[in-house]
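S.K.: Quick one: this structure, given as structure tokens, is what I'll be asking you about.
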Amino acid sequence: MKPLALGAAMVVSGLAHADAVEALRDFAKDVRSGRAEFTQTVTAPDGKRKKTSSGSFEFQRPNQFRFVYSKPFEQLIVGDGKKVWMYDPDLQQASSRKLDQALGASPAALLAGTNIERDFELKPQPDSQGMSWVQAVPRQPDAVVQSLRIGFKGRELAAIELQDGFGQRSLIQFSALVPNASVAPERFRFVAPPGTDVIDSP
């Protein structure tokens, strides 16, 4: 490649990376609610063992979200703005944690948080897997999540990848995203079904 062409390619590449940062900023500023389907693939530290689950999620700023895992096992995670509830229907158990203790540097903090750049330092990453990526580095040390990357296809949120403190990698891929969807308030309230063993932290 000629020097001029190489220089042009480097400039275009740099703009693409910067666009991913701007796409995340625009998402945080302009998308106040939404719903989507997701597939989550968790890869063990050895890089060989993988587990895949799928479901749907809804969110509304500030700090309200609902993750419904439907396959292979059912699980519900609800953030009501004050607490995060986790419900396992098979075990008939539900537990809660205060929102600030549960969110940390989680994907929910990115999707439904109030101020991304207060909580994360944003760094552009090389394009891969047909997506533009931005890394979100927690400004406060997080013992659970070590790193987060957010992938965009154009201006549309497409994926979130994270690595936890145990070396596991999780890739959450989104589809059928509806930004600024109207979501009923009761979707972010957790009511334990009869017979559920509830552990509710104060």
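FYI, it's all coordinate maths here, none of it is from the lab. Just so you know, these numbers come straight off a predicted model, no measurement behind them. So basically every Cβ, Gly included, is an ideal-geometry build from the backbone, and we count neighbours across all protein chains shown.
S.K.: Suppose a student asked you for the relative contact order of the chain, using Cα pairs under 8 Å spaced at least 6 residues apart; what percent would you report?
M.R.: Dividing the mean separation by the residue count of the chain yields 25 percent.
S.K.: Okay, which of the range 22-37 sit inside 14 Å, backbone N to the point 7 Å along the Cα-Cβ direction of Q75?
M.R.: Answer for the range 22-37: none.
S.K.: When N counts the residues of the range 50-197, how does its alpha-carbon radius of gyration compare numerically with 2.2 N^0.38 Å, as a ratio?
M.R.: Compared with the compact-globule rule of thumb, the range 50-197 sits at 1.06.
S.K.: Also: Could you list I77, I199, I150 so that the one with the fewest beta carbons within 10 Å of its beta carbon is first and the one with the most is last?
M.R.: Working: I77 19, I199 10, I150 29.
Final ranking by Cβ density, sparse to dense: I199, I77, I150.
S.K.: Here is a follow-up. Could you tell me the number of lysine pairs in the range 3-200 with C-alpha atoms less than 18 Å from each other, where the two lysines are 8 or more residues apart or belong to different chains?
M.R.: For the range 3-200, the number of qualifying lysine pairs is 7.
S.K.: Next question. Can you tell me the length gained on complete extension of the stretch A44 to V144, counting 0.36 nm per residue apart and subtracting the Cα distance?
M.R.: 34.5 nm
S.K.: Given the chain, what percent of its DSSP beta bridges are antiparallel, to the nearest 5? The partial results should precede the final answer.
M.R.: Values: 68 of 72 bridges.
Just about 95 percent of them are antiparallel.
S.K.: Can you tell me the 0 to 90 degree angle between the C-alpha axis of helix 3-30 and the longest principal axis of the chain, rounded to 10?
M.R.: Relative to the chain, helix 3-30 is tipped by roughly 20 degrees.
S.K.: Sort all Cα-Cα distances of the range 153-202 into consecutive 5 angstrom bins from zero, then give the percent of pairs in each bin up to the one containing the longest distance.
M.R.: Bin by bin from 0 Å, the calculated values are 4, 12, 12, 12, 13, 20, 20, 5, 2, 0.
S.K.: Quick query: amide H of K83 versus all other amide H atoms, modeled in the peptide plane; which residues come in under 5 Å with a sequence gap of 5 or more or a different chain?
M.R.: Here the answer is L99, since their amide H atoms fall under 5 Å of that of K83.
S.K.: Hey, got a sec? Which chymotrypsin sites (Phe, Trp or Tyr not before Pro) in the range 107-155 land in a DSSP loop and have at most 16 other Cβ atoms within 10 Å?
M.R.: For chymotrypsin sites (Phe, Trp or Tyr not before Pro) across the range 107-155 that sit outside H, G, I, E and B with at most 16 neighbouring Cβ atoms in 10 Å, the list is empty.
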